[in-house]
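Okay, so here's the structure we're looking at.
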Amino acid sequence: MTGEATYLWPRWLVLRAVGVVFIFMFAGIVDEGRALLGPHGLVPLDGYFGQIKDTLHGPLENIFLAPTLFWFNTSATMITALAWLGIAAAVALVLNLWPRMALFVCWLVFLSFVTTWGEFSPTQIDNMMLETALLCIPFAPPGFRPGLGARFPPRPIAVLAMRWLLFRGMFESGVVKLISDDPLWRNFTAMDIMYETSPAPTIFGYWAFQLPHAYHFFEVALTFAAELLAPLQALLGGRRGRWWALFWWTALQGGIELTANFGWINLGALGLGLLLLDDQMVYALFDKLGRKSTGAWLAERAGAEPSSAPGPWRLYGLRIALGLHFGVTLYYFAKVCRVPVENFPGMMTTPVKLLSGLQSANRYYLFEHLHPEHKQIDFEGSNDGGKTWRTYETRHLPQREDQFPAFIAPWFPRFENTIFFESSRSGTTSVVSVVATHLLRRNPEVIARFRRDPFPDRPPTVMRMRRYRLFLTDAETHRRTGHYWRKELVGDYLPPFYFTAQGEVAQFSLADVEAAMAAGNYGAAMAVLERQYELGNLEAGLRLADMYARGQGVVAQPAKVFALTTEVAERGELRGLHGLGLCYEFGVGVTVDYAKAAALYRRAAAGGYLRSMFSLGALSAQARLGPKDDIEGLAWLLTALHRATSEDAAARLIREQQPALAQRLMARMSAEDVAQAKARAALRR
């Protein structure tokens, strides 16, 4: 900051941008709040307070460790009322009505939600807005109708605090990419997968994905320029450096806004980027654009009233408060830079612990690690015992192969994004299971989180959560098929849920089957499997077929194996399709028919079933297919080996047997055919 610099117009613009972002944030809470936090929601507020009531002792701890207005009331009416209060405060901020009070209300109301909704809070973007709102309070002009606030220009320490926030948001996000253990940033390949693995890329993101690696290399370079070079230019380069910093930052955030739907984070980042300006830079810009009269009018408005200095006690209080905040953020800055903060003395860590519940002094590590794959959970229900399944369609995430998400940013669908991020995690204690039970119980607030209710006729009795892997198609595939995505089944995220005879929701489990099998009580195991299969557990049907094939507890019955496997296959189960293919390949309960086996394997392989990919290649290598297509056979073998990365029996078998089968194929293929097979396999990865 230079001595002659003023910041009236940048302040005016930044506060309007913050208000707009808060409008979108609170509108999202109006839409989703009751389903997430309400008495009948997914994570009810009463449950939150029930968990923490024994850990907090007294009102002081309540304020600092669990700061929320929901201490007064946890009803659905309170949720809606607070959300609308937040919208009213945000609108007031946009209209420049009592901005300091409006900011305080935005901060307090949003903090009340962030404190309580647990898994539904992506801490990075929520915490950034909390910190922004809190620091904007001393930055904003006082009064009910302050106008431009020329009488009360922002104090230098308030400007410094806001710019320090911007600097940390930029620089910390760049540092973590450099020092993380994710090699994608260091080898400049991160943007090669970013569009495919983000929750809901836009149509521009799809076409950007098609561009060559050289373009994505440039995108990573731009990211580092905006997050590492730009903050240093802003800090050390004077006004010219800040112009360059604003250029890099705007280019990065604008590009992300066009290609990805990351909620309000990019709009907020663009608004904060205006902190790099001062009034004199704005006037000079209009002069260079040939609009001197506009610049003169802006300067006249800014100098219309003499400035008024605050009282000493207010200034000292401001310095103490912002100094404390600065000290806490230094702790987090050091943590980002991997300084061993656990060795800091207690006098430095105590304020951090005391203020951590306010979530308004933070570290920023945006996209430190990228999702290596786009995985997604679909909720599928059945009301006929698992014979047919209907999918709950999401509002904004891609689900159909011919579907591409619309532009929704700065809207942030909190429910759907949470489900997306849960898709890449273990499902043992996931909120996904809670969603499934609420769908079975026909909770209208949760059903409304989806595009429509797929069961307007008769309620579902079984609910499964299937995890899929999505790949963006290439331009040629899209032109030929109209598909933007290729969707493959990974497997069940969790065992399905169902209604018991007593009307309770329970989860299918084969634990009793395993115990009975271990004890040699095959009859009891079959009884459990038959009961679960009748209720809609297709895994139980496949296990039954396996017992009939092995003759466990009964005489081996190939015809029964074929019948059961056919039933499961007809219900669209990929494992059933593969099992039926095995029946035709090896003549289990049916005459050997390699053509039918291959057709079934292809259907399962198209859905991403690993064993079927390998079986297709094996049939081709063994010359059991007609017409012969060695290129396709080798492509499937290469694809299967690439995906056989787990330690289960199927993956180990593929890794053991694939090299010999692939060598047998390549021995009778030309170099050109081998290259073509490798190219096909690369497209399937």
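Rank the residues VAL462, VAL18, VAL554 as a footprinting-exposure proxy: fewest other Cβ atoms within 10 Å of their Cβ go first. Can you show the working numbers first?
On the way: VAL462 23, VAL18 26, VAL554 14.
Fewest-to-most Cβ neighbours within 10 Å comes out as VAL554, VAL462, VAL18.
Packing-wise, with mean Cβ within 10 Å as the measure, how do 600-608, 527-535 rank, highest first?
My ranking of the peptides, most packed first, is 600-608, 527-535.
Suppose only helical runs count, i.e. DSSP H with n ≥ 4. What mean residue ellipticity at 222 nm does that imply for the chain under -39500 (n - 2.57) per run, divided by all residues and rounded to the nearest 500 deg cm²/dmol?
-19000 deg cm²/dmol
Assuming a ≥ b ≥ c are the square roots of the Cα gyration tensor eigenvalues, decide whether the stretch 549-596 counts as rounded (a/c under 1.5), prolate (otherwise, with a/b larger than b/c) or oblate.
In terms of gyration-tensor shape, oblate.
Can you put LYS375, LYS596 in order, fewest other beta carbons within 10 Å first?
Least to most surrounded, the residues fall as LYS596, LYS375.
Could you run the Karplus curve 6.51 cos²θ - 1.76 cosθ + 1.60 with θ = phi - 60° over the stretch 332-340 and give me ³J(HN,Hα) per residue in whole Hz, x for Gly and Pro?
5, 4, 5, 5, 4, 7, 6, 6, x
Determine, from the Cβ-Cβ distance of LEU236 and ALA5 and an R0 of 25 Å, the FRET efficiency 1/(1 + (r/R0)^6), rounded to the nearest 0.05.
Calculated transfer efficiency: 0.95.
Below 12 angstrom from the Cβ of ARG242, what's the summed charge of the other residues (Lys, Arg +1; Asp, Glu -1)? Walk me through the numbers on the way to the answer.
Details: positive: ARG163, ARG239, ARG240; negative: ASP278.
Computed value for this residue: +2.
Could you tell me which of PRO39, TYR484, LEU577 has its Cα farthest along the dipole of the chain towards the positive end, charges placed at Cβ (Lys, Arg +1; Asp, Glu -1), taken about the Cα centre?
Sorting the options by dipole projection puts first TYR484.
For ARG652 paired with SER509, estimate the spin-label separation in nm (one decimal), with each label point 7 Å from Cα along the Cα-to-Cβ line.
Once both label points are built, they end up 2.7 nm from each other.
So if R0 is 45 Å, what FRET efficiency would PHE144 and ILE408 give, r being the distance between their Cβ atoms, rounded to the nearest 0.05?
Computed FRET efficiency for PHE144 and ILE408 comes out at 0.80.
Please report CYS136, CYS106 as a ranked list, fewest other C-beta atoms within 10 angstrom at the top and most at the bottom. Can you show the working numbers first?
On the way: CYS136 27, CYS106 32.
Listed from fewest to most nearby Cβ atoms, that is CYS136, CYS106.
Are any of the pairs LYS53/LYS353; LYS387/LYS596; LYS487/LYS628; LYS53/LYS177; LYS387/LYS487; LYS375/LYS628 more than 31 Å apart by Cα-Cα distance, and if so, which?
Listed pairs above 31 Å: LYS53/LYS177; LYS375/LYS628.
Over the stretch 552-685, what relative contact order in percent results from Cα pairs under 8 Å that are six or more residues apart?
Reported as a whole number, the value is 17 percent.
What FRET efficiency would be calculated for the residue pair ALA284, TYR316, taking the C-beta separation as r and a Förster radius of 30 Å, to the nearest 0.05? Intermediate results must be reported in sequence, preceding the final value.
Working: r = 35 Å, r/R0 = 1.17.
Using R0 = 30 Å, I get an efficiency of 0.30.
Run the numbers for PHE217 and SER424: contour at 0.36 nm per residue of separation, minus the present Cα-Cα distance, in nm.
71.9 nm
How high is the relative contact order of the stretch 168-302, in percent, counting Cα pairs under 8 Å that sit 6 or more residues apart? Let's see the in-between values first.
On the way: 130 pairs, mean separation 28.8, N = 135.
Across the stretch 168-302, relative contact order equals 21 percent.
Using 0.36 nm per residue of separation minus the Cα-Cα distance, give me the extension gain between ARG479 and ARG442 in nm, one decimal.
Numbers: separation 37, 0.36 × 37 = 13.32 nm, distance 4.02 nm.
The ARG479-ARG442 span can extend by a further 9.3 nm.
How large is ³J(HN,Hα), in whole Hz, for each residue of the stretch 630-640 in order, when computed from phi with the Karplus curve 6.51 cos²θ - 1.76 cosθ + 1.60 and θ = phi - 60°, using x for Gly and Pro?
5, 4, 5, x, 5, 4, 5, 5, 5, 5, 4
At 0.36 nm per residue, minus the direct Cα-Cα distance, what do ALA679 and LEU355 gain on full extension? Give it in nm, one decimal, please. Intermediate results must be reported in sequence, preceding the final value.
Numbers: separation 324, 0.36 × 324 = 116.64 nm, distance 5.53 nm.
Stretched fully, the ALA679-LEU355 segment lengthens by 111.1 nm.
What does the C-alpha gyration tensor say about the overall shape of the stretch 425-570? Classify as rounded when a/c is under 1.5, otherwise prolate if a/b is larger than b/c, or oblate.
Details: a/c = 2.22, a/b = 1.38, b/c = 1.61.
Since a/c reaches 1.5 but b/c is at least a/b, the shape of the stretch 425-570 is classed as oblate.
For the chain, what is the charge dipole size about the Cα centre, in debye to the nearest 20, if Lys and Arg each add +1 at the Cβ and Asp and Glu each add -1 at the Cβ?
With Lys and Arg at +1 and Asp and Glu at -1, about 1200 debye.
Read-outs throughout are calculated quantities, based only on the coordinates presented, and are distinct from any laboratory measurement. Please read all numbers here as calculations on a predicted model, not as lab measurements. Neighbour counts are summed over all protein chains in view; Cβ atoms, including those assigned to glycine, are modelled from backbone coordinates with ideal geometry.
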